[in-house]
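The values are calculated or read from the model by the stated rules, or taken from the named source; none is laboratory data. Everything numeric in this text was worked out from a predicted model, so none of it was measured. When we count neighbours, we look across all protein chains shown, and the Cβ atoms used for this are built from the backbone with ideal geometry, even at glycine.
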């Protein structure tokens, strides 16, 4: 299925927008060398404010943050339990969270959730996914996840090794699949923002070197891949059922 040029340029524009602001943030960090973690992402704050202003002006908060599929609280918890298990495994593997103070931990959590996760989720699982769903959910999920992963290649500019960056890109692609599939399965983007923020928070507060937990990381990648496979099949089954009913 071909993507119309106008739609394609909108998607490319969103990708350039997020890359631009992360490059701006990188320049800010290289010039100021902030020691506090939450100040290392100050350059992205204007984009977060801009997105929040847009959602308020267009009254689209409810459009993105409401649940599109009715579930009981118990069913929803079971449906999202793989995300909770994933976070729990990381928390145990990290032996808790580590920071200079409780205030520092709170600021890291707020920065990662209300700035980084909010921006990335709104761009990739909000605006971009919403645009691409006009073609098909499969195109929307795969392309938005690919571009989300591609954005993480910018980490090479910060001196991260090629091997670590490649693994992070692969990991980001799979996480992108999971989060995009949650959206097309009727979940609120608030869920993906919360998960994204908590995942980043646990990564940044971990005293464990990434190279020392490679086995766990590969196991988590396999685990998330299985969850993505389940969500993909679930959406496919629902789509077939809805098509049969409409016919």
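Before moving on, here are some points about what is shown:
- Options 168, 160; residue that is closer than 30 Å to residue 33 by Cβ, part of a loop (DSSP other than H, G, I, E, B), in contact with a helix residue (DSSP H, G or I) (Cβ under 8 Å, 6 or more places away or on another chain) and at pLDDT below 95: 160
- Residue that is over 12 Å from the mean Cα position of the chain (by Cα) and at pLDDT 95 or above, where the choices are 182, 198, 147, 143: 143
- Applying the criterion of being in contact (Cβ under 8 Å) with a residue 60 or more places away in the chain and surrounded by fewer than 20 Cβ atoms within 10 Å (Cβ to Cβ) to the residues of segment 159-190, the residue that is nearest to residue 100 (Cα to Cα) is 190.
- Here residue 238 meets the list (1) at pLDDT below 95; (2) surrounded by 14 or more Cβ atoms within 10 Å (Cβ to Cβ); (3) closer than 24 Å to residue 123 by Cβ almost entirely, failing just condition (3).
- Condition broken by residue 11, with the remaining ones in (1) in contact (Cβ under 8 Å) with a residue 40 or more places away in the chain; (2) within 28 Å of residue 204 (Cα to Cα) satisfied: (2)
- Condition broken by residue 87, with the remaining ones in (1) surrounded by 22 or more Cβ atoms within 10 Å (Cβ to Cβ); (2) in contact with a helix residue (DSSP H, G or I) (Cβ under 6 Å, 6 or more places away or on another chain); (3) closer than 18 Å to residue 197 by Cα satisfied: (1)
- Looking only at residues in segment 72-111 that are without any contact (Cβ under 8 Å) to a residue 12 or more places away in the chain and not in a helix (DSSP H, G or I), the one that is farthest from residue 45 (Cα to Cα) is 72.
- Residue list for segment 201-219, filter: under 30 Å from residue 75 (Cβ atoms) and buried (at least 19 other Cβ atoms within 10 Å of the Cβ): 201, 202
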